Structures are given as structure tokens and as C-alpha cells.
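Read-outs throughout are calculated quantities, based only on the coordinates presented, and are distinct from any laboratory measurement. In this text, all values refer to a predicted model and were calculated from it rather than measured experimentally. With ideal geometry, Cβ positions are generated from the backbone for all residues, glycine too; neighbour counts draw on all protein chains shown.
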Amino acid sequence: MQLEVMNSPFNQEQAELLNRLLSTLTDSQKMWLSGYLAAPQSGAPVKEQRTATEGASYIEAPDKTREITILYGSHTGNCQALAEEYSQKLIQNNYNVTVSSMDDFKPKSLKKVEDLLVLTSTHGDGDPPDNAITFYDFLHSKRAPKLDGMRFSVLSLGDSSYEFFCQTGKEIDKRLEELGGERIYERVDCDLDFEEPASQWFEGVQQKLNDQNSSVEPQTSTLDHSAVDLPVYSRANPYHAEILENINLNGRGSNKETRHVELDLEGAQLAYEPGDSLGIYPENDSVLVDQLIEEMNWNPEESVSINKQGDIRSLREALLSTYEITSLTKPLLQKAAKLTKDEALHKLIESEDQNELKEYIYGRDLLDLVRDYGPWHGEAHEFLGILRKIPVRLYSIASSIKANPEEVHLTIGALRYDAHGRGRTGVCSGQCAERSQPGDRLPVFVQKNSNFKLPENHEAPIIMIGAGTGVAPYRAFLEDREEEGAGGKSWLFFGEQHFVSDFLYQTEWQQWLEEGILTKMDVAFSRDTDEKVYVQHRLQENSKELFKWITEGAYIYVCGDEKHMAKDVQSTILQVLEQEGAMSKEEAEDYLNQLRKQKRYQRDVY
């Protein structure tokens, strides 16, 4: 973002100096600087210190208070964004704050921590996110120290449609207590619509801290924002981007539909880097909404409140743009059971055989639920009260802003399937494939992802592994490297069903190969041969050269489906390390773990 003289209190020379400085700062440096400026400047010194975390930000406030350590484990960047936001608020209130990813925190320093705030997501089947694994393992090992005298609180982000909802946060919370820690504030488990409960958690934590630290008084920033009238677009205030292009990348006869969507960001002041994601606030299909309203005999024009602020929408508009109606979760069924006397639903929820509940939930939506059970009692607003908000959809950005100024490109696979006698469509992918034309607008924001980034050294070799739409960030990588004139080698492993119809961005990869931007490419088209071939098979076939690249300092990137592709790829990489590096299974796992800590093994999986 460029600071303009006309929109700021600075003269031309000051604006130019600030622009030159800001363009060179890292996120942690910007955060430190904002805390420095927001802190009181009257006499009391503000000093920078290195702490137990590598690259962590630390501000010492004028009044001595217990130091607060904020650790985050983040996969998509939500926990990191919250951690940084909350650290700034605490700094402005004169607290001493350290903020760090769990990976960058030295676990042995845990015994020195006074007040600990943990923000973590849960990944896959109850696993910690990649940048929390080392801390999690240490915490649950015999080496973990006694934490008598330490106070803590945990904020856990998850998805209630998964069996192990917020499992990582629950386990860390329990373990900190077992080690002798005392809760500042009870753990809060957040579903996909995490903003309100997360805010309530932080307010509760901050109130407890303030009660226990009477010397701390809230501070207000002395910065003059009156001259800056440009809107700031974010998750809370998305930018409505115009669709410039919406193209089907698949050829005739394909089993798939993959959309290449180009959005206009002119004037939005939204910046992104290769590896970041774009969040879209989607809308439900109007046909499904109308079927639901008809089934429940609701008045579509009835006014309903959609949030605690009391914002009013018509019932139909609320179902279109606010509430999730396309998937079921166990918590939703438990709440719904209170609105019906249907014994079958109560039996289903209370059954000791949880597989029966899982089987019912899988592939069904709210329309199925209201048709299968009932009659339903209560008003429409009561039923809406049990629903969660439509989750944001995050898509890996498929472009470099250096190559496409004021644009952002996405690669979106349309989800369609038949289940329980009805055709189903993905909420956001269906909207992009069927209900979005050039000229339409989508509410979007940039989701930073510091866990999936190109090496700072442009000469470092990179190995990019992806299937289907998992190739999206690699298009951004190569566009960026081309603009930078990067000299490092690059190797792409790409998999899909058919060469003729499903080779996404084929001409671009081939052009980059000819120009030397892409050094090597191996592809796997699983349906073109009698025996299915996937990217992991190509990795194994190239095991010697793959190992050579790794020992020469290559960075490995994996993007795509976690349960199958990413898991199989990781197993293959471990096999290659064992085979070519003469390692035991344990040595190979340790070697890969070290690569992950060095940011040389990065995954963006879903």
C-alpha cells in the first residue's frame, strides 16, 4: 500500500520516506512499529528485547506487569491474525507482550512464561496444525516442565462437522492444567464462524488481566486518523470485487469443471503474496432457499435479526446470505431436537452407535433434516437461531500481484454430486460456476498464509507437488519468480484425471519450461492408464534426483487434498529419504521434521 500525501498529515518528503521504509518491513517489524507508536511516549522508555522466541515481537510497557506470551498454531492464518490483533490491543493497554508461532517458540522456555494465551486450530482428524506439532509434542512429553505459577487461557478454532472438533485446543488446555497451570479464563471452542466467540474470549481474558493488574490503565492511540478516509478492507469488511473473467479450464468430455476466475482489485488497496489465500463470502442457492421456506411454510418477507448488533434482513435474504443450510453437524441436530417431538431424531442423537449419526449427516443438508423429522414448532427466527453462519471459503491465490497488478486470480473446482435422491452443489464453487458472470461482484478479502511462502533466497530450488486445483499457488510462484528474475531451479509434480481434458494451465507450464522459469515437470494422469498413476508414483520414480534436490537445499511444497494426496505424498517422501539417504524410519521422520522447522517442507492442504 502506498501512502498518498493528499490523504495523510505528511508532506511530500515524509510520505516518500515512509513509503520507502514500509515497503521493506516484515509483518513482525510493522507490528512492533505500530505498538511503539501506540505506546505512551512521555518519559518512560520503550525498549526492544529478544525473548525465548526466534523473531518474536516484544514491547515492554512503562509499568511493570506480568509478561504475556501469545502462542498460535495456525493452518490457514486465522489464529495468527487473531494473535497479532490481540497482542496489539494488549500492548496499547501497557502490557508486556510476546507473540510467536508455536514452531518459533523454544519449548524449554515454557517454564519461564508467566501468563500464556494459546490460540490454535485443529487439523485433519484432530491433529495439531503443522506449525504447532513441535510444541504440542513437547507439551505432551516427559520433558514438559511443571508450570506452577503460570496462568493460561486457550482459544480453539475448529469445524463442528468434524468428529474431533477443536481437539488440539482441548488437549493443550487439559495438559497445561495437568502441568500445574492456572486458568485465567475458561477455554472457548469456536466453530467456523469464530469472530464473535473469539472476541468474547479475548474480552473475558483482558478483563481478568485488568482485574489482576490494577496498575494497568487502557491507553488510546495518539495517532491522527482523521485525515485518512480510505476504507480498510478485511475479513470484517470485505471488498466487493468485480469478476473480469470466469473460464472453464477443463476440455470437452471431462468429468470435472474447474473455473479460472479473475477479479478486479483496482482501488481496493489489497496486497497479497504467492501462497496467500483469498476469502470469499458466498451465497446459498436461491432454489434451495425457496424449497426450505416452502417446506417450513415460512413467510419469506418476515424480518429477522441476523446478529447481536440487531441488523435486520428479510427471512429469505438471511437464508441466502447469512446462514449455512447445506451441511449438517451433530451440534445442529442436538439443537434441532429441541424444536421437535419426533422420537426418531432424539433416538438418532442419543444412540450409542455414533456411526449411525455420521451416516445420516453425510451428504445431507437442512432441507433433508426438516423433511425427515418434524413437525417443527417455534417461530422462524427461533429456527434460524440454531444455525451457524455461512463459513468463508478460502482459495489459494493463483496469481502474482507483480505480474497482475490490481488483479487476483483463483482456480476453483466446481463440486457437484448426487446423494439421497437429490443433486447437490458446493455453495461457493456452485455460485462461481453457475451463478457468477463477468461484471458480477464477490465479497472478498486477503487471508495471509505465512506457512506457505517462497524462499527469500531466489536462488533456492523449489519442488512443487499438487493435484487438481492444488496447482493454483504454483502458478503464482512461477509468475512471481519470472517477474523477479529468480535463478533458482523449480520442479513441478502435477496430477489429474486425463491429459487431454484436465491438464490445468498446460500452455503456461510449457511456456515456462521453454523459457527456463520451470526447470522440470512430471505429470500423472490417473485415468489415462489401466493402472492408476498419481503424483506420489512420479516422486518414487524420480527418487534419486528428488533426494539430490533436497540435499542441495530444495524447498518442498505440497498443496491439495489432505486425506489422500498429501498423506500419500508425505509417505512417499519418507520412503525416498529412507531409500536414498540410507535412513531408518525414525531418522527419515526426524529429517522431514527438521525440514519443516526450517520452512523447507510446507503444506497447504484441506
For the stretch 226-344, what class follows from the C-alpha gyration tensor (a ≥ b ≥ c being the square roots of its eigenvalues): rounded when a/c is under 1.5, otherwise prolate if a/b is larger than b/c, else oblate? oblate
Please report Rg over Rh for the stretch 153-203, where both radii come from the alpha carbon positions and Rh follows the Kirkwood definition. 0.99
In a shell of Cβ-Cβ distance under 13 Å around Ser543, excluding Ser543 itself, what net charge do Lys and Arg (+1) and Asp and Glu (-1) give? -2
Distance (nanometres) between label positions extended 7 Å along Cα→Cβ at Val500 and Glu177: 6.2 nm
Nothing charged except the Cβ atoms of Lys and Arg (+1) and of Asp and Glu (-1): what's the magnitude of the dipole of the chain about its Cα centre? Round to the nearest 20 debye. 1440 debye
How far apart, in nm, are two points set 7 Å out from the Cα along the Cα-to-Cβ line at Tyr417 and at Asp342? 2.2 nm
Student exercise: in the stretch 286-384, how many lysine pairs 8 or more apart or on different chains have Cα atoms under 23 Å apart? 12
If you find the alpha carbon centre of the stretch 141-219 and of the stretch 320-337, how far apart are they in angstrom? 26 Å
Let me have the relative contact order for the stretch 472-531, percent, based on Cα pairs under 8 Å that are six or more residues apart. 44 percent
Considering only the other residues whose Cβ falls under 12 Å of the Cβ of Glu257, what net charge follows from Lys and Arg at +1 and Asp and Glu at -1? +2
Those trypsin sites (Lys or Arg not before Pro) from the stretch 225-302 that are DSSP loop and have at most 13 other Cβ neighbours within 10 Å turn out to be Arg252
According to the square roots a ≥ b ≥ c of the eigenvalues of the Cα gyration tensor, what is the shape class of the stretch 62-199, taking rounded for a/c under 1.5, prolate for a/b larger than b/c otherwise, and oblate for the remainder? oblate
Of the trypsin sites (Lys or Arg not before Pro) in the stretch 74-164, which ones lie in a loop per DSSP and count no more than 12 other C-beta atoms within 10 Å? Lys142, Arg143, Lys146
Radius of gyration and Dmax over the Cα atoms of the chain, both given in Å: 25.4, 77
Could you work out [θ]222 nm for the chain from helices alone, using -39500 (n - 2.57) per DSSP H run of at least four and dividing by all its residues? Round to the nearest 500 deg cm²/dmol. -10000 deg cm²/dmol
Once the principal axes of the Cα atoms of the stretch 337-411 are found, what is the range along each, listed largest first in whole angstroms? 60, 32, 17
For the stretch 286-384, count the residues as N, evaluate 2.2 N^0.38 Å, and divide the Cα radius of gyration by that value, please. 1.11
By the Cα gyration tensor axes a ≥ b ≥ c (a/c under 1.5 gives rounded; else a/b larger than b/c gives prolate, otherwise oblate), the shape of the stretch 462-605 is oblate
